[in-house]
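Since every read-out is calculated from the coordinates, none of them should be taken as a lab result. Bear in mind the structure is a predicted one, so any value in this text is a computation, not a measurement. Note that each Cβ is placed from the backbone with ideal geometry, even for glycine, and that neighbours are counted across all protein chains shown.
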Amino acid sequence: GHKGKSIHMVRHYIIKGRVQGVGFRWFVHREAGARGLKGWVRNTDDGEVEVMVAGSEEKLDELRAELERGSRGSRVDAVYERDLDEATAQNLESFQIEGAW
């Protein structure tokens with residue numbers, strides 16, 4: 001395969017802190033959508049927020065900075081990040097919030 005900047009990187013984030021019930025998912029949805037990223041965000045049973053996102057490295061880094069800053073009223077204690085296989089991106093559609101109604 002070719003090395004260099006991949007246009008589609010896939011990243012998985014876990015955000016710890018006071019991030020549920022404070023509009024955090026909607027904040028992530030807006031910031032990711034504004035950057036044309038694909039993927040989803042959802043609350044976990046552990047009180048964290050999980051994000052799966054695909055896009056360019058530059059846009060993913062921008063999103064991470066927003067995740068660390070957090071939404072108004074939230075408190076972000078930590079952001080855990082891991083890169084996933086690019087093939088994972090094939091199942092991702094325009095950015096959505098899972099389990100929201």
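What nm value, rounded to one decimal, do you get for the distance between Arg72 and Ser94 when each label is placed 7 Å out toward the C-beta?
With each label placed 7 Å out from Cα toward Cβ, I get 2.6 nm.
Of Leu67, Gly39, Gly99, whose Cα points farthest to the positive end of the dipole of the chain (charges on the beta-carbon: +1 Lys, Arg; -1 Asp, Glu; origin at the Cα centre)?
Value: Leu67.
Do you know the relative contact order of the chain, to the nearest whole percent, from alpha carbon pairs under 8 angstrom that are 6+ apart? Don't jump to the answer; show the numbers that get you there.
Details: 201 pairs, mean separation 44.0, N = 101.
Answer for the chain is 44 percent.
Non-local amide H neighbours of Met9 (under 5 Å, H modeled in plane, Pro and chain starts lacking H): which ones?
Result for Met9 returns Gly55, Ser56, Glu57.
Using the beta-carbon distance between Asp85 and Glu58 and R0 = 25 Å, what value does 1/(1 + (r/R0)^6) give for FRET efficiency, to the nearest 0.05? Kindly include the intermediate steps, with their values, before the conclusion.
Details: r = 20 Å, r/R0 = 0.80.
The computed FRET efficiency comes out at 0.80.
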